[in-house]
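Q: Right, I'll just put the structure down here and ask away after.
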Amino acid sequence: MAQVICGLDIATATGVCLGELGQTPEFFSRDLGKGKPHPVRFANVMRLAHELIKDRGVQAIGIEAPIINPKRDKKSTNWLLMGLVANVQGWAELQGIKCEVFEVGTIDKHFLGARQIGRANRKAAIQGRCRMLGWNPQTEDEADAGAVWDIMCSRMSPSYAAQSGLLLSRRAG
């Protein structure tokens, strides 16, 4: 039975990428409740995790770690971002599903070959790599989820990692 892997870029507008190892993944976005209280958003992200695991057969979830900017973000923003991630991790744990959180730099090194400087540069590079792979994310959040999906696939399968790695892949150049 093939493994179904999911990559998430979690925020109020959550990017989702899922698919079986070695297949072209599916992309979609989920609105967790813009403008709604934090507990409503936490419940919505748990509903999403439930849907992915129970209805879509996801067996492993990778999550992009929230980027916390102390100069920009308020306590309530930090609480929201960390809470959304924690709710998915908790649901995955209850269901016996592997779940890892990856720092942005780790994702960039894996998916792009190097850490990207600047948000706009990073987003453009990730979307470009997705297109190079023949993927069709519709939003930046979905493309980011694709990068997370790719690193999670590599964590779950050494053969996938060997085939998808930038050093060994002609797709990177």
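The values are calculated or read from the model by the stated rules, or taken from the named source; none is laboratory data. Note that the structure is predicted; figures quoted are calculated from it, not measured. Methodologically, a virtual Cβ is constructed for each residue, glycine included, from the backbone with ideal geometry; neighbour enumeration extends over all protein chains shown.
Q: Answer with yes or no whether residue 57 is touching a residue at least 40 places away in the same chain (Cβ under 8 Å) and surrounded by fewer than 21 Cβ atoms within 10 Å (Cβ to Cβ).
A: Values: touching a residue at least 40 places away in the same chain (Cβ under 8 Å): yes; surrounded by fewer than 21 Cβ atoms within 10 Å (Cβ to Cβ): yes.
Spelling it out, residue 57 is indeed touching a residue at least 40 places away in the same chain (Cβ under 8 Å) and surrounded by fewer than 21 Cβ atoms within 10 Å (Cβ to Cβ).
Q: Can you name the residue in region 66-90 that is of a type outside the set (D, E, K, R) and touching a Leu at 6+ places or on another chain (Cβ under 9 Å) and, of all such residues, is nearest to residue 36 (Cα to Cα)?
A: First pass over region 66-90, keeping only residues of a type outside the set (D, E, K, R): 66-70, 76-90.
Remaining after also requiring touching a Leu at 6+ places or on another chain (Cβ under 9 Å): 66-68, 84-85, 88.
Numbers: 66: 19, 67: 21, 68: 21, 84: 13, 85: 17, 88: 18 Å.
The extreme case among them is 84.
Q: Do you know which of the residues in region 2-19 that are more than 8 Å from the chain's Cα centre (by Cα) and part of a strand (DSSP E or B) is farthest from residue 57 (Cα to Cα)?
A: Step one: list which residues in region 2-19 are more than 8 Å from the chain's Cα centre (by Cα), which gives 2-5, 11-14, 18-19.
Now narrow it down to the ones that are part of a strand (DSSP E or B): 4-5, 13-14, 18-19.
Working: 4: 6, 5: 9, 13: 22, 14: 19, 18: 10, 19: 10 Å.
Checking each candidate, the answer is 13.
Q: Let me ask something additional. List the residue pairs whose Cβ atoms are under 8 Å apart, where the first residue sits in region 131-150 and is over 13 Å from residue 111 (Cβ atoms) and of a type in the set (D, E, K, R), the second is modelled with pLDDT under 95 and assigned to a loop (DSSP other than H, G, I, E, B), and the two are 6 or more positions apart or on different chains.
A: Between residues of region 131-150 that are over 13 Å from residue 111 (Cβ atoms) and of a type in the set (D, E, K, R) and residues that are modelled with pLDDT under 95 and assigned to a loop (DSSP other than H, G, I, E, B), the close pairs are 141/11.
Q: For residues that are at pLDDT below 95 and closer than 13 Å to residue 135 by Cβ, tally how many sit in region 25-47.
A: Total satisfying the criteria: 0.
Q: Which condition breaks for residue 35 when tested against (1) in a loop (DSSP other than H, G, I, E, B); (2) surrounded by 14 or more Cβ atoms within 10 Å (Cβ to Cβ)?
A: Among (1) in a loop (DSSP other than H, G, I, E, B); (2) surrounded by 14 or more Cβ atoms within 10 Å (Cβ to Cβ), residue 35 violates only (2).
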